[in-house]
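Take a look at the structure set out below.
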Amino acid sequence: MNCRRAKSVCCRLGFALFLPLFAFLAQSAAARPQQQTAKEELLALPGEVGHPGGRLVVALRGEPKTLNPLIAADTRSREVIGVMQADLIHIDRATQLTEPALAKSWKISSDGLTYTLVLRQGIKFSDGQPLDAEDVLFTFRVYLDENVHAPQRDLLIIGGKPILVRKQDAETVVFQLAKTYAVGERLFDGLAVLPKHLLEKPYQEGKLGQIGTLTTAANLWAGLGPFRMKEYVAGQRLVLERNPYYWKTDAKGNRLPYLDELVFLFVPNADAQVLKFQSGETDVISQLGAENFSVLSRQPHGYSMTDSGPGLEYNFLFFNLNDAGEKTPPEMQRKQKWFRELQFRQAVSAAVDREAIVRLVYQGRGVPLWGPVTPADRRWINSSIGHPARSVARARALLKEAGFSWTGGASGDSALIDADGKPVEFSILTSSSNADRGKMATLIQDDLKQLGMHVQVVPLEFRSLLERVTQSKEYDACVLGLVGFDTDANADLDMFLSTGGTHFWNPSQAHPATAWEAEIDRLMEQQLAEPSYEHRKKIYDRVQEILAENQPMIFLASPDILVGAKNVIGNFHPAVLEPYILWNVEQLYRKSAPESAAR
Amino acid sequence: MKDPRSFKSWLIVLIVIHTVVACAGFFAPYDPIEQDRKNPYVPPMRLHLVDAQGYFHMRPIVYPLKLREGSFDEYEEDRAQPEPLKFFVSGARYRLLGFLPSRLHLFGVEGSRIYLLGSDAYGRDQFSRLLFGGQVSLLAGLLGAGMTLIIGLCIGAIAGYYGGWRDDVLMRVAELFLALPWLYLLFALRAFLPLAVNPLQAFFLIVVVIGAVAWARPARLIRAVVLSAKERDFVRAARGFGATDLYLLRRHILPEAMSVLLTQAAMLIPQYVLAEMTLSFLGLGVPEPVPSWGNLLSSLQQYSVLVSYWWMYLPALAMVPFFLGYLGLASALQERREAYKIERRSLGSLM
C-alpha cells in the first residue's frame, strides 16, 4: 500500500520533470528535415505503422568501452554500435535471411568470386554529409589495414588473401574474393560503413583508436544508423537521439525511427536489471534467466513477457585434452588418461541427466542438447543425431569396457577406480558469475556420483577461468557456454577448427591432435568453398556426427530467449538472434503519446 | 547474583541445540545431499491433525505435494493420499556422531517425502540440510574458538607475566593482527591454495584461519588479568617461598583468568559461526554439495529466490535461538563474574 503510494508520487514527479522536456521534444519533432528530395532512395519497411515521439529506456550490463566499430570487442559496445551504424547488406533477425541495406541491390558472379553492390543514392550520414562509394572504399581499406587491428579484419581474409575492393562508378562497388566463400552476402552483415570525411585525417595520423570514444564531440562522429550521440553521463547513462537523416521509412513513407531518444542505462547485474524493469525505469528487458523471467511473469503490471523459444546458446562440459608433453605433471597425466578414453567421455554423457538440467536450471524453458547446433537453427541442425535417454547402466557398461572397476562391486555408493586402482576424482570449473552453469555443474556432480566418480565443483571468476582454460591449461574439466551469432555453418568456425581459440578442449593447436579433429578441419574448410546449401548441409551434418561420436564436448542444454517489454511499446518482435530486441529499434514506437510524456 | 536460573536455562537451550545438531543423522529424515529432482522448491509441508474429510487423527498426517499442471514451482496438496507421520523409521544410511553406522531416523513418511522446511533448487530437504549444516558451522565455531583461546591464553600470559620487551613485542604484533582486514586476507589465502579443495580441507582451512587471525583480542584481555593478578599478595607470597614461574601461572594466576576465558568463549563461538557463515555465503567456505549454515543462506543472493521462495529464509530464523543462547550465556557468565568480584571485595573489606 505504502509502496504503491510512493510509486504514484514518483510518477507524478516524473511527469512534472518531463513536461519541459516533452515540450522540447515536440519542438525538435517540428524541426525535422522534411526535404525528402527525389533522388533520395529510401528503404520502405513493411509492418505496423507507428507514430513518432517518446523515448525508450534500455538497461546495459555496463558502460560500452567505445562507439568505434574499429576497436569494439565487447558485446556492450557492439550493442550500442548496432543502433548507431549500418551495414551494406543486413541479415533480417526475424527471417534470418539477407535483405538490402545501404546496398540497394547486389549481384554475385557465377563463379562466386565477384560481388557487385549498388549503393543507395542520396542518403546521408547522421551529420548530414552524403554517403558515396568513396566511403565504402575507405571503410574496407581501414578494416583491412594491419596497423588498425580491426576485429573485422579476419572476416575479410578469404582463402588467405584480403578481399579486393574497387569502385566501378559513383554508386557501384565491386568486391573481389580470392576463393569461393560459402557464406555469400551474409559476410557484409555487421560491417559498419564509416564516414570518410571524419575519419580520413585521424587515419592518416594513426589516431583512429582515439576517436569515437564516449566523450568524442558529437560533430566529430557520425554513422548511418537510426540513432546518433546526444549525451553521455559517466557511470550512469548514454543518451542517443534520433538520426534525422536515417534512410528507412515505414509503409506510409514516414521517416524512421519513430523514437526521439534511446537511453542506455548502465545497470551492472541481472537482478538489478529485473528490479529496474519491474519498477518501470526501463521499457524492455532481455537476456533474462528463467527464474527472473518467472518472477516477472507472476504479476505483470503494464508489461508482458515473451518466451521466444530456443536461442543459439549451447552449454557444454569438456575435459582437458591438451597435450603438454613432458611438462604435464604426473597427476594430470593420470587424469588425462581417463579423459582421452572415448568410452569414459561417452559414459559421462550417458550419465548426465539433461532433462533435469532443463527442468531445474531453466524451469523447463530450454531444450536438452546433443550437439552444438540448437533447434533454433532449423536450417543447419542434423536431426538424425540420436537423443539417447539417460542411462546409468549403459554408462557403467561403457566404463567397465574401458577397464574401470568399482571398489566393493557395482553397488550404490562404491567408488570408481581406474585400471591402476586409482580412484576417479576430478574437478569441474564453472564461472562464479553464472548461476545457471553453477547449477548444471552441481547436477552433473550428483549424476557422476552414481557412477562412483568423485567430482568437485569449483566456481571461479570468469576471467581467471578463461585464463586457465585457454592459457595455463591447469584444470580438469569445465562447464561453459557459447552463443552463435548467426544461423550459419560458419558461425562457430573457431570452435570447430583445431586452430581455433574456442576449440576449448584443446585450443590453438599447431597440428590437429587426433584423426577426427583433422577430419573436422578438412570438412569445415571444404564447406567454406562450397556454394550450394545442400552440399554444405551434408558436410556440416557429418561434422556434427563426428562431434557426437567423439564427445570432446558433452552438450547439455540451451536456454530459451526470454524477454519482456512494456505494453506501450509497439512493433516489439523479439528475435532469437542478437540483438534480441533492438534489432528493429527504428520501428519501435510508444503506443500512446501522453504516456510517453509521463515517462 | 541477579538470577541464577538464567544461566542454567541458557545452558539447557544450548545443550539441546548441540545435541540435536550432533545427532543430525537421527533427527533429520534424509541425507542432506540427496537430490529429489522431481521436487525443486517445495514449500514447507503442513502437518494435519484433521484430514480433508474432517476426521481427527491422533497421528499427524501430511498430504504429498504435486506440481500444478504446467507450472515449475507451484505445488498443491494431493488430498487423495494422506501419509501418516511415522516415528523411528528406517531410511538413509548415516553415522551417528561420526562413527556409529545407523539407518534409524526419528520421523519420516512412507511412500513420499516430507519437507518440514521445504526443499531447495535441487529438491534437497532443507530441514536435513539445516541440521547437517549445523555440524559444519558449530564445529568450526567450537574448534576455532578453542584455538583462539589457547593461542590467546599463551600469548597473553607471557606478555602479562614477563612484561618488558616481550610484552612490547607481543602486544605490537597483537595490534597488527587487530588491524588486519581479515576478509581480504582470506581471499588472498584462498587464491594461493590449489584449485579444488575437498570439503574436509576447506573446513580445516576455515577453522585455522578464523582461529589464528582473531587471537589478539583475548590475548590482550588475558594479559590485563595476568598483569593485575601477578601483583596480588598471595602471588607475591608464593613467589617469596620460591615458587617457579610455571607453578605460579598454573596455580595462582591463570585460574583468575578462567572466568574471563569462559565469557570470551561464549562470545567467540557465535562470532566464529557467523564468520564461517560469511565465508560460505561468499563461496569461500566448504564447497557444494556439503551443507553449512552459510551455504544454506547463499541462495538468497539471487533476487528470484528472495522474492519467490520464502522458506529459504527459514534457516536464518532457525539460527536465532542458537545465537540468543550463546549471547544469553555470555551475559549470565559476565554477571556471575561481577557478582563474584563484589562478593570477594566485600569479604576482603570484612577481613
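The values are calculated or read from the model by the stated rules, or taken from the named source; none is laboratory data. Predicted model, so just to flag it, every value in this text is computed and none were measured. For neighbour counting, all protein chains shown are included, and Cβ atoms are generated from backbone atoms with ideal geometry for every residue, glycine included.
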Worksheet item: Applying the selection to the range A:150-168, what residues are over 16 Å from A:L137 (Cα atoms) and not in a strand (DSSP E or B)?
Response: A:P151, A:D154, A:L155, A:G159, A:G160
Practice prompt. Could you list all residues from the range A:278-290 that are in contact with a helix residue (DSSP H, G or I) (Cβ under 7 Å, 6 or more places away or on another chain) and crowded, with 23+ Cβ neighbours inside 10 Å?
Written response: A:T282, A:I285, A:G289
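Listed here are the residues, each with its yes/no results for (1) modelled with pLDDT of 90 or more; (2) crowded, with 20+ Cβ neighbours inside 10 Å; (3) touching a Lys or Arg at 6+ places or on another chain (Cβ under 6 Å); (4) on the phi > 0 side of the Ramachandran plot.
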| site | (1), (2), (3), (4) |
| --- | --- |
| A:P151 | no, no, no, no |
| A:L155 | no, no, no, no |
| A:A170 | no, no, no, no |
| A:V174 | yes, no, yes, no |
| A:L191 | yes, yes, no, no |
| A:L199 | yes, yes, no, no |
Response to the item:
Only unsatisfied item for A:K400, checking (1) more than 14 Å from every other protein chain (Cβ to nearest Cβ); (2) within 25 Å of A:Y580 (Cα to Cα), is (2)
Worksheet item: Just for the range B:252-307: of the residues that are more than 29 Å from B:E338 (Cα to Cα) and among the aromatic types (F, W, Y), which one is farthest from the other protein chains (Cβ to nearest Cβ)?
Response: B:W293
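Let's see how each residue does on (1) over 22 Å from A:P151 (Cα atoms); (2) without any contact (Cβ under 8 Å) to a residue 60 or more places away in the chain; (3) under 17 Å from the mean Cα position of the chain (by Cα); (4) not in a strand (DSSP E or B):
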| site | (1), (2), (3), (4) |
| --- | --- |
| A:G47 | yes, no, no, yes |
| A:G53 | yes, no, no, yes |
| A:V57 | yes, no, no, no |
| A:E63 | no, no, no, yes |
| A:P69 | no, no, yes, yes |
| A:S77 | no, yes, yes, yes |
| A:G112 | yes, no, no, yes |
| A:T116 | yes, yes, no, no |
Worksheet entry | the range A:205-237 - residue that is of a type in the set (G, A, S) and in a loop (DSSP other than H, G, I, E, B) and, of those, farthest from A:T249 (Cα to Cα) | A:G206
Discussion item. Outside any helix (DSSP H, G or I), in contact with a strand residue (DSSP E or B) (Cβ under 9 Å, 6 or more places away or on another chain) and hydroxyl-bearing (S, T, Y): which single residue out of B:Y115, B:Y122 fits that description?
Written reply: B:Y115
Response to the item:
Scanning the range B:222-254 for residues that are surrounded by 17 or more Cβ atoms within 10 Å (Cβ to Cβ) and closer than 26 Å to B:R172 by Cα gives B:I222, B:R223, B:V225, B:V226, B:A229, B:K230, B:L248, B:L249, B:I253, B:L254
Item to complete: Could you grab me the full set of residues in the range B:23-53 that are over 14 Å from B:L130 (Cβ atoms) and in a helix (DSSP H, G or I)?
Response: B:F26
Worksheet item: Which residue, of A:T499, A:T470, A:T430, is closer than 26 Å to A:D323 by Cβ and either hydrophobic (A, V, I, L, M, F, W, C) or within 14 Å of chain B (Cβ to nearest Cβ) (or both)?
Response: A:T430
Item to complete: Take A:L214 and decide whether it is at pLDDT below 90, surrounded by fewer than 20 Cβ atoms within 10 Å (Cβ to Cβ), more than 24 Å from A:S105 (Cα to Cα) and aliphatic (A, V, I, L, M).
Response: yes
Fill in: Pair list, Cβ under 6 Å, 6 or more apart: the range A:252-273 residue within 14 Å of chain B (Cβ to nearest Cβ), other residue not aliphatic (A, V, I, L, M)
A:V267/A:Q273; A:V267/A:K276; A:P268/A:G62; A:D271/B:Y303
Worksheet, complete the sentence: Restricting the range A:382-401 to residues that are without any contact (Cβ under 8 Å) to a residue 60 or more places away in the chain and in a loop (DSSP other than H, G, I, E, B), the one surrounded by the most Cβ atoms within 10 Å (Cβ to Cβ) turns out to be A:R390
Item to complete: Residue by residue through the range A:322-357, note down the ones that are closer than 26 Å to A:A389 by Cβ, within 14 Å of chain B (Cβ to nearest Cβ) and charged (D, E, K, R).
Response: A:D353, A:R354, A:E355
Fill in: Identity of the residue in the range A:243-277, in a strand (DSSP E or B) and either in contact with a helix residue (DSSP H, G or I) (Cβ under 8 Å, 6 or more places away or on another chain) or at pLDDT below 90 (or both), that ends up farthest from A:V49 (Cα to Cα)
A:L265
Discussion item. Just to be sure I understand, how many residues within the range B:40-93 are among the β-branched types (V, I, T) and either within 14 Å of another protein chain (Cβ to nearest Cβ) or loosely packed, with under 12 Cβ neighbours inside 10 Å (or both)?
Written reply: 2
Practice prompt. Filter the range A:363-381 for residues that are assigned to a loop (DSSP other than H, G, I, E, B), surrounded by 24 or more Cβ atoms within 10 Å (Cβ to Cβ) and within 14 Å of another protein chain (Cβ to nearest Cβ) and give the result.
Written response: none
Worksheet item: Taking the range A:169-204 on its own, how many of its residues are without any contact (Cβ under 8 Å) to a residue 60 or more places away in the chain, outside any strand (DSSP E or B), of a type in the set (S, T, N, Q) and within 25 Å of A:A103 (Cα to Cα)?
Response: 0
Worksheet item: Just to be sure, is B:A159 more than 14 Å from chain A (Cβ to nearest Cβ) and either under 30 Å from B:F87 (Cα atoms) or not in a strand (DSSP E or B) (or both)?
Response: yes
Worksheet entry | Breaking point among (1) under 30 Å from A:I417 (Cα atoms); (2) surrounded by fewer than 19 Cβ atoms within 10 Å (Cβ to Cβ); (3) touching a residue at least 40 places away in the same chain (Cβ under 8 Å), for A:H454 | (3)
Worksheet entry | Subset of the range B:69-87 (residues that are part of a loop (DSSP other than H, G, I, E, B) and without any contact (Cβ under 8 Å) to a residue 60 or more places away in the chain) | B:E69, B:G70, B:S71, B:F72, B:E74, B:D78, B:R79, B:A80, B:Q81, B:P82, B:L85
Discussion item. Suppose the filter is surrounded by 18 or more Cβ atoms within 10 Å (Cβ to Cβ), among the acidic types (D, E) and without any contact (Cβ under 8 Å) to a residue 60 or more places away in the chain; does A:E517 pass it?
Written reply: yes
Worksheet item: When you look at A:S464, is it within 24 Å of A:D271 (Cα to Cα), within 14 Å of another protein chain (Cβ to nearest Cβ) and in a loop (DSSP other than H, G, I, E, B), yes or no?
Response: no
Worksheet item: If you take the residues in the range A:470-497 that are of a type in the set (A, V, I, L, M, F, W, C) and either over 24 Å from A:L97 (Cβ atoms) or in contact with a strand residue (DSSP E or B) (Cβ under 8 Å, 6 or more places away or on another chain) (or both), which one is surrounded by the fewest Cβ atoms within 10 Å (Cβ to Cβ)?
Response: A:V483
Worksheet item: Name the residues in the range A:274-304 that are among the polar types (S, T, N, Q) and either closer than 14 Å to B:V307 by Cβ or within 14 Å of another protein chain (Cβ to nearest Cβ) (or both), would you?
Response: A:Q278, A:S279, A:N292, A:S294, A:S297, A:Q299
